[in-house]
Structures are given as C-alpha cells and as structure tokens.
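S.K.: What follows is a single structure, and I will ask about it in a moment.
The values are calculated or read from the model by the stated rules, or taken from the named source; none is laboratory data. All values reported here derive from a predicted model rather than from experimental measurement. Here the Cβ positions follow ideal geometry from the backbone for every residue, glycine too, while neighbour counts run over all protein chains shown.
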Amino acid sequence: MQRLRPAITIMALNSARTVWARLRVGGEMNPSYDRMRRLESIQDTFTTTPCSGTVSQMLLALIKVVPIGAHMSLHHCAKTASWSDRVRAWARAICIALASIVVCAVGVAGDVKAQTSNFSVSQPRTVTVLDKQAWRFIQDDNLTDAAALSSDASTWSTVQLPHTWNAIDAATTEQTAPTSQNYKRGLGWYRLEFDNPGTGATQWLQFDGASIVADVWLNGQKLGQHKGAFTAFRFDVTGKLLTDQENVLLVKTDNRAPTANSDSTAIAPLSGDFNMSGGLYRSVSVVSTLDNVHFALNDLGSSGIFARTSALGAGTATVNVRAKVENDGTAGGIYLIWATLLEADGRTIKSSAISKITVNSQATAERALDVSVQAPHLWQGLEDPYLYTLVVELKDAHLNTLDAVAHNFGIRTMTFDPNLGFFLNGQSTPLRGVDMHQDYYHKAWAIDPANTDESFAIIDEIGANTLRLAHYPHAQYTLDHADALGVVVWAEVPFVNSSTVCVVGSTGFTCPGDPEATGFAANVRQQLQELIRQQYNHPSIGLWSIGNEMTIIPIIAGQTNANNNIQPLLRSLQALAKAEDPSRVTTLAQEGYIVNDAVIEPPPVEAGPIADTYSVNRYFLWYYGTGEGQFGQDLDTLHVLYPT
C-alpha cells in the first residue's frame, strides 16, 4: 500500500479542528449542536476536503449515528457544559479525523484509487430452496379446497420442481398437427412437508413462478393468492413456521382458460400464440433475515435495491442506488446503507458510498445514494459485457451487518434516436436479434438452466445482439445470461390480444366489458410493476414493453379510436412504466391491419403515439403480401406517421 501523503494527514487534522470549531461558539460549547438535527451544519467540512465523495458521506453518516457529544443538545446552555463533555466531544472529533485517514488510505472512497482487497461481506440472509424435496402432486379439477387441506396426499404422485403437468401435451411437435389435441388446462395441487430451515427474525415464502393463479396455505392457514403466471411473489411467514414438527405447504395452481371476464384466470394474457403451462414451474424457497430490519421483501417481489447509471462522461460515472428498508420490529432506529461496487473478480473495491436512513417501527423507508466511479469499465454489449458486483449492506449503529443484497451491475447508457437508431454508451449500435419463449420440447415451461444455456448458445452462435423476451417476464437466470452475453433485452408485460374476454359469435368477434371494471387493468398494472421492480437492475434491459398485438382482435370486433377499451389502458401502463423507471424507454408491438392483402396505416385503433417507441409485427409473405419490398415501404410509411 502506498504511504500516506502529507496532504491527507493535514486534511485530517484540519477536519478535526473544524469539527471542534463547529462544536464551539465564542470559546463555549455550541448549544445549537443537536445530535440528529444539527450536524448537517458541518457537512461542508468533509465535502470540500481532498478526501470528499464517499468518505464525506460515510463520516457524516457515522457522526449522525455514533453519539458525539451526546449530552450536548438544545436544552444544554453553553455555560453548563461540563469539562468531561468538552473532552468527550474533542476526543470524538479526533477519532473522526483519524477515521478519515484510515478510509482514505485503504481506498474505500469513490474518489480514491481502488485497492485490491479480499472484500467480504457477511451473509445475514439465508435462502433455503425447496425444489428437490419430495413434493406431492395431483391434477384434479374436482378437488375442493377443503378436501385438499384434509388430504395427506399419500395417493398423489411424487414430483420435484420445476414442474408442470403440461410438459408433454403443451410442448410437442404433435400439438401442431391437424389432429392435435388441446393441452390440459385445469387445477394442479402441490403439497410439501418440510422442516423449518432456520430461525430468522423474519421469514418469507418465495415463489419464483406459479401459473396462472396460485392459492397458498401453510399449516392449514391460507396465506393468500397471487394472480400472474410469470413474476415472483412472497408471503410473510414470520412466526408461522413450526419448529417442533414438519410444516405442511399446500398450493393450488389454476391455468384454466378464461371464458368470462369474471373468471379468476381472466388476467393478462387472456390469449396468445403460445401455451400457458400450469404448475410450479420455477423455484420455491424460504428466505430468512437476521434482523427485523432488512431490505424490503414486501415490495412486489423485488430485492428492495434499485441501481442505475445516472451519469456517464469525461471518464467518470455515477451509479444511483435506491434502497427500500423495512422495519418489522417494535422500535424505530437509524441505520446505514453501504453500497460497494466490486470489480468483476468480486474482491477489488472499485468505489463505495454510504448514507444514513431512519426507519420507524412497522414502516418502510427509502433512501437514494450516489456512487461515484472514476474510469468506469463500461458494459459495451457483445463487444465487452463487463459486469461489476454491486453489494448493498444495511448496518446498525455499531456497523453490524443486518442485511445484504448483491446484484451484477453494468455501467452503461442506452438512447434511441428516431432517425439515427440505437446508441449504447454513445456508440451507434444497430439492433439485430431474435425472440425467445421459455418453452422447451417435452418440458414446456419447467425448464432448467441447461435449457436456457443451450438457447443462449444458439443466440451467441448466430451473432444476435438483441433479444426480445416474448411475451412475458422471463426467469432471473435468463436475464443474468443476457447480462453476461451482452445482448440488449426487450422485456415485456404479458398484455396480449385484448383487454377483455372476446367471444366469437354468429356475427364475428365481440369484446365487451371495461377492463377497469373487471379488474383486468389493475392486474396488468400490477404485473408491470412486478416486472420492472424485479428486473430493474439488469444492464441488458433496454426497453420495457407494455403490450403485444393488443389491438387486432378489438379492431376485428369493430372498435375504433373513438370507441375502444385498449388505448386508455395502454396510456395508464405507459404512465406507470415511466413512474417506475424513468431511465428506460418504453415500447409496444402492434400487428398490421390487413384489408385486401395490404397493410392499412394507420389502423382503426392506433397505438403508435402512446409509448416512447413504436414497434410493429409484420408478416409479409407469411400471412399476406406479394413482395419482399413491402416491409421496407411499410416502415417508411410508419416513420412519416410517427416521426418522433
């Protein structure tokens, strides 16, 4: 390690002197110095020193947490301050100065050159995966809740997760034949007896994906219901897990096709050109936290941490980290949020930042802090998909780690120009790619990492740099793979075909109903929030899609711009996506309106002006069209219609 420069030592001593000066007025103790409300007055002491940046934030946070002159408050007159109080305050000021020397020396601050160190963080949170235990399963549309709860499942089959009862009938080449049968849509029941994996201060039951609607019971008590086939969800089971006997988990999954707007499964997607496999087709786990205060686990399946590149240029970058902290305890307190950016080796500290947060009992609080990064190594797509590790820790006043979350993170900017196209970190990057579903032959949705690896090997082999994850949220493992490969991802909420259950009658399609009244709109908005919050930190994601081909069936049913149940919902999804994540652009994909084998622009129900960008699905020489040049001509027409 390099020797300390004299300037650092002088800075530290000056900091101690300035802190002490701020504690005194005219030679007496300053009565306006209050531990929690008045210490902001010394902020410029650190922010103007050679060791500013993260060190400034860390020291300020420590000052606010560690009692410094704790006996000095607004209620103490300067003349009544005891000599011991003065000595204590002076000693603590010196400690702060010495701390600044240490911090600057080891390179924790964002403005100090990174030092190689064996960075380690304690693991206060435990995750126990339940997939490979002996689950019992039965597919039975007539089994009632009461009967399932009273059954010991001894006659049910034994399975492991991931699992779907549609592995064969929904994922086979035979299903596309003229004589193929419909795949089974109905009720699937899962039962698991398991031991309590630990005694955390809080415990949560997490489902990474259950299709389409899931009802969950633990030890005979209903925990709740989740409606949505693709996003993760959790139930707080603190105090509900037995320690002296096995726990019984019962899950009912329902993938029945909706036939009316009042059906439980009448949620997005109502239909589509893909099958809706039923079951627990992703992981189930128990998450235990060390302390009652932890990063939010009640936030629509998110990690409670949201990071983005907020500035990039001139050899520096700023990573904005927003943390949500939940306090399930009986007392409020003041805590530290410590964000550390590690190099790809997982050990070398690139930069760090710290901030304090106050969290009241039985409440959730949010805090944002900026990590300054000098000479950042950018995530540059296929060329160089460099990934840092972002570790965010929650610490108490004694610097004990209460919770920690880690994410792969890439520093990058993505912009779209209506005339010049897509730019990654300011570099023009034409997007050429493919769509991908989560189906696999004779597995349907119950895929494993090896299946995803094989799909990405094909994507890599053909040289695609863009991936549309059609037409719903995919697994975190898929997004991790995209981050590592360097492809730009289009992530999509499963709003497909229509916003109400459409009926085919003697006169054709009818799509009656108001999605706001039926609950469809509220559910698709929730699914959009879950998508964005759960996948926010992935650098590969460039666009949030708010829908796919959602106008073509309503158009066939006679809806127009003047009278439709699609545009108001799309506008609400657009507003919600921008509120959840202003840093990314939105898009939607609209099918062509065909009359006499030609695409009519604009269509009777327009979606082009709603999202930030407009995407189209065109099937020239497949469903319609007479020549290869028609696709380009249609795109030129659209650019004139929607130039920005």
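S.K.: Out of everything in region 271-285 that is out of contact with any His (no Cβ under 7 Å at 6 or more places or on another chain) and aliphatic (A, V, I, L, M), what residue ends up being surrounded by the most Cβ atoms within 10 Å (Cβ to Cβ)?
M.R.: Within region 271-285, the match that is surrounded by the most Cβ atoms within 10 Å (Cβ to Cβ) is 284.
S.K.: Go over the candidates 280, 297 one by one and state the one that is over 30 Å from residue 369 (Cβ atoms) and hydrophobic (A, V, I, L, M, F, W, C).
M.R.: Working: 297 fails: over 30 Å from residue 369 (Cβ atoms).
Result of the check over 280, 297: 280.
S.K.: Return the residue satisfying two criteria in turn: it lies in region 594-627 and is of a type in the set (Gly, Ala, Ser) and part of a strand (DSSP E or B), and of such residues it is surrounded by the most Cβ atoms within 10 Å (Cβ to Cβ).
M.R.: Among those residues, the one meeting the criterion is 615.
S.K.: From the list 229, 268, 260, pick out the single residue that is aliphatic (A, V, I, L, M) and surrounded by fewer than 16 Cβ atoms within 10 Å (Cβ to Cβ).
M.R.: The conditions single out 260.
S.K.: Sticking with this one: So is residue 253 in a strand (DSSP E or B), at negative phi and not hydrophobic (A, V, I, L, M, F, W, C) or not? Step through it out loud before you land on a result.
M.R.: Details: in a strand (DSSP E or B): yes; at negative phi: yes; not hydrophobic (A, V, I, L, M, F, W, C): yes.
It is true that residue 253 is in a strand (DSSP E or B), at negative phi and not hydrophobic (A, V, I, L, M, F, W, C).
S.K.: Residue 148 passes all but one of (1) small (Gly, Ala, Ser); (2) assigned to a helix (DSSP H, G or I); (3) under 30 Å from residue 372 (Cβ atoms); (4) modelled with pLDDT of 50 or more; which number fails?
M.R.: The one condition residue 148 does not meet is (3).
S.K.: On to the next question. Sort out which residues of region 292-341 are among the basic types (Lys, Arg) and buried (at least 20 other Cβ atoms within 10 Å of the Cβ), and write them in order of number.
M.R.: The answer is 308, 324.
S.K.: Return only the number of the condition from (1) of a type in the set (Phe, Trp, Tyr); (2) closer than 30 Å to residue 355 by Cβ; (3) assigned by TED's automatic domain parsing to the domain that holds residue 458 that residue 386 does not satisfy.
M.R.: Every condition holds for residue 386 apart from (3).
S.K.: Output the number of residues of region 559-580 satisfying the condition of being part of a loop (DSSP other than H, G, I, E, B) and buried (at least 19 other Cβ atoms within 10 Å of the Cβ).
M.R.: 4
S.K.: Condition (residue is under 25 Å from residue 487 (Cα atoms), in contact (Cβ under 8 Å) with a residue 60 or more places away in the chain and surrounded by 20 or more Cβ atoms within 10 Å (Cβ to Cβ)) applied to region 391-400: is it met by at least one residue?
M.R.: Taking every residue of region 391-400 in turn, at least one turns out to be under 25 Å from residue 487 (Cα atoms), in contact (Cβ under 8 Å) with a residue 60 or more places away in the chain and surrounded by 20 or more Cβ atoms within 10 Å (Cβ to Cβ).
S.K.: Which is surrounded by 23 or more Cβ atoms within 10 Å (Cβ to Cβ), small (Gly, Ala, Ser) and not in a loop (DSSP other than H, G, I, E, B), of 372, 352? Working first, answer last.
M.R.: Numbers: 372 fails: surrounded by 23 or more Cβ atoms within 10 Å (Cβ to Cβ).
Exactly one of 372, 352 is surrounded by 23 or more Cβ atoms within 10 Å (Cβ to Cβ), small (Gly, Ala, Ser) and not in a loop (DSSP other than H, G, I, E, B), namely 352.
S.K.: Something else: For region 274-326, give me each residue that is out of contact with any strand residue (DSSP E or B) (no Cβ under 9 Å at 6 or more places or on another chain) and not small (Gly, Ala, Ser).
M.R.: 275
S.K.: If you go through region 512-536, how many residues are among the charged types (D, E, K, R), over 17 Å from residue 476 (Cβ atoms) and within 26 Å of the chain's Cα centre (by Cα)?
M.R.: Residues flagged as among the charged types (D, E, K, R), over 17 Å from residue 476 (Cβ atoms) and within 26 Å of the chain's Cα centre (by Cα) within region 512-536 amount to 2.
S.K.: Taking interchain pairs and intrachain pairs at least six residues apart, which have beta carbon atoms under 6 angstrom, with the first residue in region 605-626 and closer than 22 Å to residue 557 by Cβ and the second in a strand (DSSP E or B)?
M.R.: Within 6 Å, the pairs are 607/588; 607/590; 616/590; 617/589; 617/591; 624/594.
S.K.: Just to be sure, is residue 554 over 16 Å from the mean Cα position of the chain (by Cα) and in contact (Cβ under 8 Å) with a residue 40 or more places away in the chain?
M.R.: Yes, satisfied.
S.K.: Here is a follow-up. Before we move on, is residue 200 more than 25 Å from residue 148 (Cα to Cα), out of contact with any Pro (no Cβ under 7 Å at 6 or more places or on another chain) and surrounded by 21 or more Cβ atoms within 10 Å (Cβ to Cβ)?
M.R.: Values: more than 25 Å from residue 148 (Cα to Cα): yes; out of contact with any Pro (no Cβ under 7 Å at 6 or more places or on another chain): yes; surrounded by 21 or more Cβ atoms within 10 Å (Cβ to Cβ): yes.
So residue 200 passes the test.
S.K.: For region 324-344, indicate whether the set of residues that are assigned to a loop (DSSP other than H, G, I, E, B) and modelled with pLDDT under 95 is non-empty.
M.R.: No, region 324-344 has no match at all.
S.K.: Answer yes or no: is there a residue in region 200-212 that is modelled with pLDDT under 95, in contact with a strand residue (DSSP E or B) (Cβ under 9 Å, 6 or more places away or on another chain) and not β-branched (Val, Ile, Thr).
M.R.: Yes, some residue in region 200-212 is modelled with pLDDT under 95, in contact with a strand residue (DSSP E or B) (Cβ under 9 Å, 6 or more places away or on another chain) and not β-branched (Val, Ile, Thr).
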